[in-house]
């Protein structure tokens, strides 16, 4: 980092902040977005409409949004952490009540120009709230079971609300992001093991509460061949497409699985499948490497930041990004059930991109404010 | 400060651990890609290249439906059809238009096929036309090089050899509706020209008739030749169904009713509940539905005021009129409120408060008791019985004989009729029950309504020793009704002696000197039918009409004329068959319905379709007299 350390007493100016932004990281993110553009162009059979062009516009607008967030005073973020969390919980409750039925699940609030999906925003709100909570916590306190009760509830409440929608994939991601935050916050390892054992014991109960289509997905995952033309179709076709890509791929715009529509949802959840088919092992690996590079850069920001809040924030949003990618790729390669998690910046769809880009804004904010210290118990809050 | 440093150390350590975990996970994903793309890449490449033929559904033949003697009622006839595969056709519209120059194919069908093709995956063949003549097949085959994507093959087409005669029982099949496709995960329903049962037995037993899809996965080489079969699953053929219906009797009933505007007849085997004939006129041709119905024909069928599409035996609800009087009689006998010897005086009407309830016979029957009251159908006698019994006990007895609720016959859409009681009126109409309504219900009028099937079941339950038979059509292991599997019906718990008195009344109706249906006695020596006529009002008769006799005029509009009903069973000494006939607006049960029932009964006795030997009756008052 070439820029000089700023005086901790006076906040940096906007110009200084812009100069401090890790532009190489932004460039990596934009590169991934461009991969998405190229894939969506191919998914439409070689056309900018209906997906690629809009994807590009969103990418530009949301990058601007991320930079804007990076310029916000980190103390303001700290202050707003709990109210934001509270607001999103209210929105989750609101979709439960007024949400439109969409694909059998209530997930959206229709604002007219955009469909607001609070469960996505919750991923960031949860990271913010937990980062604030653990900011003040020394390890001795974290060892106290009672101290861990609030963060547990902060995680379980949205997980329960999202499960009820029902959205297995998002609920799982919320749980995992929350767990990562607890881990980074310093919760004792043995407690994780105990919680894991407890969760294992609760599995049969959870099974009983799953919707039929969710059970069907699990059953199909365990044995996709049992239903080759029904529910197993997606995953079988996806594996065929990926496998047929071979080392170098079948060529851009040449993937027969994707181009002849054997592959369902190729512009959304199965975008990576199409990449692997058309660009082969080499291309798929390159994109995985790109995603890993972004992840590691995010981790580096967390390592470097001064305040506990900033580094928890950076680590949390980075985990969220990495989880998207890992779950999506594991899903399309048949390692886990199809849970409907898109590949960030590549899959078509505004909400996931919004979450990731807002997350990028928070990450850049932590990076810009790496030297800003925040008192454990700020007097003005 | 050491706390801060402690926390920092812990955070760094854990962040690195988490980072390491993520690197490991990405490594795992890379390994998975290696596995799929490099190690097994060749296999998947082959599967991808030949994807469209690597998996194929085999459609099981639909089960055949036969009558009780094994005569086919629904079969699968081989047919030649021409199909098109979108993916191979390229310019689908162009290919279809080229095809239209060779064989008749209207523009609307071309649009339909284009729509259908969009709904299915590109390699799924879509049927363009079925039932091609051999000449048409040859013409297409000769031109096939110019018609990419066009396939000729033979398929099976559902046919109903007896068409309109069995339409209401057997039903018909039709294309899968969107709602059906969404609610039923069976992959067969996703096939473009699959047909499912829409009504009748075809609908009620669709799952059984449909069978289970098989699939085969075939490995193929570059030019599409099959090299070997990877695996296959034969699925299950649709189950064949044997019905209780006797085709000859069914045909006779339909012919006998053919000159009526709208009518229904049901014949049951009294011991088992087997439905031997279920006739509803007017009827329709189910064959018209198999090949797709034109909108005009559909409108014509649906708008016909005589409702040809409705099976009146199970969906027509009529006031049962005097055919209900056996129930009123039994309710009173079982409650001990009358004996067969108790007499009631009929002056031609009964007064209740200010209202006057008329007997059909203007000057009355004089002193009359149970058997003659049934034989001559004296309304006042049954008003009096109903008054003594009360509506709730009357309704309870009616329900035991099958009124007011569906009987569970294995056909879709059965109606329950209506047997009102005081609670029903309070809950549905919010009004207290009136005594006068009890009287009217006692002669099967007012709120009471029943289907012809319910009337036949009542008759069967009366004459089979008081056992609660349920009607059924499919016999054997697939039967939905337990009687169809051979489970014997249970007793209703009605006193056999009281039943005998009622049957004695029904005997007198047909065979007694003053019986209302004495003109319709069986012409077979030594074989007697018993029964009951009913003439049920469609609308209330006003005082003025009664005074002028306008309610009996022949020139009333058809829809105001009374319904004609008759229920009966035979032979009287060893009952085997029960029959119920309803002739809509037939005006007189004795004149219109009873002769039809008699002829049907004669035919039933001649054909002897029943298979279960009848149980001898324990008591026979007719013989002991």
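A few comments on the model shown:
- All positions within region B:128-163 that are buried (at least 18 other Cβ atoms within 10 Å of the Cβ) and under 38 Å from the mean Cα position of the chain (by Cα): B:128, B:129, B:132, B:157, B:158, B:160, B:162
- Selected residue [surrounded by fewer than 18 Cβ atoms within 10 Å (Cβ to Cβ), within 30 Å of the chain's Cα centre (by Cα) and in a loop (DSSP other than H, G, I, E, B)] from B:527, B:487, B:469, B:494: B:487
Yes or no, residue by residue, for (1) crowded, with 20+ Cβ neighbours inside 10 Å; (2) at pLDDT 75 or above:
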{"position": "A:174", "(1), (2)": "yes, yes"}
{"position": "A:192", "(1), (2)": "no, yes"}
{"position": "A:218", "(1), (2)": "no, no"}
{"position": "A:250", "(1), (2)": "yes, yes"}
{"position": "A:259", "(1), (2)": "no, no"}
{"position": "A:264", "(1), (2)": "no, no"}
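- Members of region B:1-15 that are within 14 Å of residue A:300 (Cα to Cα), surrounded by fewer than 16 Cβ atoms within 10 Å (Cβ to Cβ) and within 8 Å of another protein chain (Cβ to nearest Cβ): B:12
- Subset tally (residues that are assigned to a helix (DSSP H, G or I) and more than 14 Å from residue B:135 (Cα to Cα)) for region B:100-111: 7
- Residue within region B:325-342 that is outside any loop (DSSP other than H, G, I, E, B) and within 21 Å of residue B:586 (Cβ to Cβ) present: yes
- Criterion violated by residue A:327 - all others in (1) within 7 Å of another protein chain (Cβ to nearest Cβ); (2) surrounded by fewer than 24 Cβ atoms within 10 Å (Cβ to Cβ) satisfied: (1)
- Residue B:116 falls short on exactly one of the conditions (1) farther than 22 Å from residue B:141 by Cα; (2) assigned to a helix (DSSP H, G or I); (3) within 14 Å of another protein chain (Cβ to nearest Cβ), and that condition is (3).
- Listed here are the helices (runs of 4 or more DSSP H) enclosed by region B:344-410 that have at least 2 residues being in contact with a strand residue (DSSP E or B) (Cβ under 6 Å, 6 or more places away or on another chain) and within 24 Å of residue B:508 (Cα to Cα): B:379-389.
- Failed item in (1) more than 14 Å from chain A (Cβ to nearest Cβ); (2) modelled with pLDDT under 90, with residue B:75 passing the rest: (2)
- Candidate set from region A:134-151 (those that are more than 14 Å from chain B (Cβ to nearest Cβ) and buried (at least 18 other Cβ atoms within 10 Å of the Cβ)); member that is modelled with the lowest pLDDT: A:148
- Residues that are crowded, with 24+ Cβ neighbours inside 10 Å and more than 14 Å from residue B:456 (Cβ to Cβ) within region B:264-288 comprise B:281, B:286, listed in sequence order.
- Considering residues of region A:278-298 that are facing chain B (nearest Cβ under 8 Å) and crowded, with 18+ Cβ neighbours inside 10 Å only, the residue farthest from residue A:234 (Cα to Cα): A:295
- Note on region B:176-194: residues that are more than 14 Å from chain A (Cβ to nearest Cβ) and either without any contact (Cβ under 8 Å) to a residue 60 or more places away in the chain or assigned to a helix (DSSP H, G or I) (or both) amount to 5.
- Tabulated pairs, region B:67-81, first outside the structural domain of residue B:484 (by TED's automatic domain parsing), second assigned to a strand (DSSP E or B) and at pLDDT 90 or above, C-beta under 6 angstrom, 6+ apart or interchain: B:67/B:73; B:67/B:243; B:72/B:66; B:73/B:65; B:74/B:65
- Filtered residues of region B:18-58 (kept if more than 8 Å from chain A (Cβ to nearest Cβ), over 27 Å from residue A:250 (Cβ atoms) and modelled with pLDDT of 90 or more): B:20, B:21, B:24
Here is a yes/no grid of residues against (1) touching a strand residue (DSSP E or B) at 6+ places or on another chain (Cβ under 6 Å); (2) at pLDDT below 90; (3) within 17 Å of residue B:565 (Cα to Cα):
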residue	(1), (2), (3)
B:229	yes, yes, no
B:234	yes, yes, no
B:237	no, yes, no
B:241	yes, no, no
B:246	yes, no, no
B:250	yes, no, no
B:258	no, no, yes
B:267	yes, no, yes
B:274	no, no, no
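- Of B:437, B:405, all but one fail to be over 19 Å from residue B:377 (Cβ atoms), within 20 Å of the chain's Cα centre (by Cα) and surrounded by fewer than 21 Cβ atoms within 10 Å (Cβ to Cβ); the exception is B:405.
- The single residue among B:574, B:540 that is over 25 Å from the mean Cα position of the chain (by Cα) and within 15 Å of residue B:321 (Cα to Cα) turns out to be B:540.
The values are calculated or read from the model by the stated rules, or taken from the named source; none is laboratory data. On a predicted model such as this, the values are computed, not experimentally measured, just so you know. Virtual Cβ from ideal backbone geometry, glycine too; neighbours counted across all protein chains shown.
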